[in-house]
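Some notes on the structure that comes next.
The values are calculated or read from the model by the stated rules, or taken from the named source; none is laboratory data. Quantities reported herein were computed from a predicted structural model and do not represent experimental measurements. Here the Cβ is made from the backbone with ideal geometry for all residues, glycine too, and neighbour counts use every protein chain on show. Accessible surface is based on the protein model in full, side chains and every heavy atom, while ligands, DNA and RNA are left aside. Shrake-Rupley method; radii C 1.70, N 1.55, O 1.52, S 1.80 Å.
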Amino acid sequence: MNSVTVALILLLTVVVSGSLTRALPVPVPLPLVQIALGAFIASVADLGVELKPEIFFLLFLPPLLFLDGWRIPKEGLFHDKGTILELALGLVVLTVIGVGFLINWMIPAMPLAVAFALAAIVSPTDPIAVSAIAARVPIPSRLIHILEGESLLNDASGLVCMRFAVVAALTGTFSFVDAFGTFLWVAIGGVTIGVAVTWGVTYAKGWISRRLGEETGSQILISLLIPFGAYLLAEHLHCSGILAAVGAGITMSYSEQTGQALATTRMRRTAFWDTIQFAANGVIFVLLGEQLPTILAGAAQVVSQTGHHEPVWLVVYIIAINAALAALRFLWVWVSLRFTLYRAARRGQAIQRPSWRLVAATSLAGVRGAVTLAGVLTLPLTLNDGSAFPARDLAILLAAGVIIASLVAASLGLPVLLKGLSLPPEPSQRAEEDRARLVAARAAIKSIEQAQHALGEGRSDADLYADAGARIMELYRQRIDRGSKSGEEAELIRKVDHIERELRLSGIRAERDMYYRLARKRRVSDDMARKLVRELDLLEARFTSG
């Protein structure tokens, strides 16, 4: 009963954090508000939350990594694959080595293996945190796509490196040759298992749905079980469950493009996963705030072993680690950019040289978030001999400090760096959307003609099918006609479409208000009102998303 109560309190706090963030007069990232609320809870009540690393890791990371892989924009991932791989793999290795040695040098009481584990944990970036800032600060879409792709891959590479460092801390030994061979096995095996699980489950549920029909609730539940199944199977076979979850998510995005699921299933599944993402990210940060007093006490004890008894040294360590992370990231981005320009010049391509401010913004936007926090909270409580894991509380506190400092730095620095910045041109999404709509409209007209002939063939009222088909096809022909315009004509059509959309929305809202009024007066049943309102909600979502 106590566990259920604690879970409800955490979820309620996440809800409050969202409203409080929107009410604040200044733009504060949501994770900072959630950490503050967690610390407030700890100051007024003792929830008695004891985090078990294995359960915490299993509960939060598979669904979050799966969703990252599922929703990552693949066109951005492939378009900037070179830059993303350089950031997600090369920068992670550089960070683990450089920051790991720095931490061990600053804090001799923290063993080198633990320092490497901490450096690996703080290497992954978090696009969710950046998105929270981007909601109030305009960030170039291409930069967002690069950060999303980097985050997807460096989540996996950073957490895998952390696992190797933790094993070294537990066993006291490390062999580069053995580690490299093991890495290949856990990486290839993990991705393969994730792909296989998703394709297998998708094929099985598709086969069942075609024969027995599709049940939306079951489909949504299956999508939730896939990341856990892939993770557990990979861990059972001594592969990377992290990479299995990522691989399962990417495969899910391709599987979804088969279009087998019902429209209702897709809409409800999207809403369900939005809720999962919001709740899981929020609970992680609230838990950090709730654990802060205990973590701070343990960290201060470790720091005192270095001869520094003042708590201010904790702040010094956090600032030094953040400065090192920012410097390494800026250096890596700058070198990577020079290398990209050199390769383009060799191929005879002309590329606009980005401003140094854009390079600095790319470096500053490498915000740490939920994955870093979830990773550090899964550090073992004890070594193999039963003794306490060295400097665990200090590692958690330093990781939390890195998260907070990176969020604050990005919130304050990105608006300054991006203000008035001229950006390299990006491909027009409107042209891409118009082309897709034209192709789809032609396909729709062809299908309607075929269906019209098939349904009306041999019937005495075939002219009714012809009239109905003509009315529907006229709508598609109007879309094709509008899409073929250019210049001033196209701009005029866009203005007319905007006016039409506003008028349609006004009518839809009036309809919905009337349905609710009729339901309150018992002139229509509740079920009928819900059905009619849902139809209007779908129409409104269509027009507002345009």
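General remarks:
- The chain: angle of helix 53-71 to the longest principal axis, Cα-based, in degrees nearest 10: 40 degrees
- Under the Karplus curve 6.51 cos²θ - 1.76 cosθ + 1.60, θ = phi - 60°, whole-Hz ³J(HN,Hα) for the range 3-9, x wherever Gly or Pro sits: 5, 5, 4, 4, 4, 5, 5
- For the range 206-322, with +1 on Lys and Arg beta carbons and -1 on Asp and Glu, the positive-most of LEU292, LEU232, PHE272 along the dipole: PHE272
- Here the label points at PHE40 and SER387, each 7 Å from Cα along the C-beta direction, are separated by 4.2 nm in the simple model.
- Links that overshoot a 31 Å alpha carbon limit, given the list LYS205/LYS531; LYS74/LYS419; LYS81/LYS446; LYS52/LYS81; LYS74/LYS531; LYS446/LYS495: LYS81/LYS446; LYS52/LYS81; LYS74/LYS531
- Net length available on complete extension from PHE339 to ALA320 is 4.0 nm, with 0.36 nm assigned per residue and the Cα-Cα distance removed.
- Rounded to whole numbers, the Karplus 3J(HN,Hα) couplings from phi for the range 435-452 are 4, 5, 5, 5, 4, 5, 5, 5, 5, 5, 4, 4, 5, 5, 4, 5, 5, 4 Hz, using 6.51 cos²θ - 1.76 cosθ + 1.60 with θ = phi - 60°, and x at Gly and Pro.
- Ordering of 22-33, 471-482, 491-502, 388-399 by packing [mean C-beta count within 10 Å, highest first]: 388-399, 22-33, 471-482, 491-502
- Per-pair calculated FRET efficiency, R0 = 25 Å: ALA297 and ALA327 via Cβ, rounded to 0.05: 0.20
- Pairwise label distance in nanometres, LEU20 with LEU59, each label 7 Å out on the Cα-Cβ vector: 2.1 nm
- Accessible area (Å², per residue) of the chain, counting only protein heavy atoms and a probe of 1.4 Å: 53 Å²
- Surface composition of the chain: carbon and sulfur make up 64 percent of the accessible area, probe 1.4 Å.
- Computed from backbone phi, the HN-Hα couplings of the range 189-195 come to x, x, 4, 4, 5, x, 5 Hz, rounded to whole numbers (Karplus: 6.51 cos²θ - 1.76 cosθ + 1.60, θ = phi - 60°; Gly and Pro given as x).
- Distant-in-sequence amide H partners of SER123 (H built 1.01 Å from N, under 5 Å): none
- Contour excess over end-to-end distance, with Cα ends at ARG494 and ARG347 and 0.36 nm allotted per residue: 49.0 nm
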